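The values are calculated or read from the model by the stated rules, or taken from the named source; none is laboratory data. Because the structure is a prediction, the values reported are computed rather than measured. Cβ sites come from the backbone with ideal geometry, for glycine too, and all protein chains shown count toward neighbours.
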Amino acid sequence: MDVFRDMVEGAAAWSSTFELGPLHPIPRRRLAIVTCMDCRIDPLAIFGFAPGDVHVVRNAGARMTADMLRSLIKSVDQLEVERIAIVHHTDCGAAKIDLPSLRDRVVRRTGNDPTDVDFHLIADPAAALAEDVEAVRSCPFLPVGTAVAGFVYDVATGTTIITESTFVG
């Protein structure tokens, strides 16, 4: 399909010089990074990592949903991750969405009302990050002692600060 031609061509170019096949699924840094799907965020570049160093798990707003916790449990239990970094960012769309307007747009475009969808919006960025760190810290399915930290990445300057650091349990 022409609408995906850029992807097909990119995949062909990538595979023609592909060298990452020998990488192991266990991340070298024993780290999982949870971050937003925002296209301005490149977690490997931000922290100076390379493919194979970390797991990267993304969703809108880097919110700690049940599915995000599911992924982290697998990462820790099956793939030897010992540290979890939750990276929120400035200028996040999840902090700017007007929920009634979003729902109205969805209804107009699809005819379906997303009333039952929890969009995990961010009213207070600092509080949201603290809640997400706490959700991981208190997860009963992660081993006691797993390190957890919250970070904020500034999309305008490229700087990242750590806001808190704790352990599961």
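So here's what we get for this one:
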{"read-out": "Qualifying residues in the range 1-51 (those that are β-branched (Val, Ile, Thr) and touching a residue at least 24 places away in the same chain (Cβ under 8 Å)) - the one nearest to residue 79 (Cα to Cα)", "value": "26"}
{"read-out": "Among residues of the range 69-103, those that are surrounded by 16 or more Cβ atoms within 10 Å (Cβ to Cβ), of a type outside the set (A, V, I, L, M) and touching a Cys at 6+ places or on another chain (Cβ under 9 Å), counted", "value": "3"}
{"read-out": "Residue count for the range 123-155, restricted to those that are within 12 Å of residue 82 (Cα to Cα), under 16 Å from the mean Cα position of the chain (by Cα) and hydroxyl-bearing (Ser, Thr, Tyr)", "value": "0"}
{"read-out": "Single unsatisfied condition, residue 130 versus (1) assigned to a loop (DSSP other than H, G, I, E, B); (2) surrounded by 12 or more Cβ atoms within 10 Å (Cβ to Cβ)", "value": "(1)"}
{"read-out": "Within the range 133-168, tally of residues that are assigned to a loop (DSSP other than H, G, I, E, B) and in contact (Cβ under 8 Å) with a residue 12 or more places away in the chain", "value": "13"}
{"read-out": "Those residues of the range 60-98 which are modelled with pLDDT under 95 and farther than 20 Å from residue 131 by Cα, in sequence order", "value": "98"}
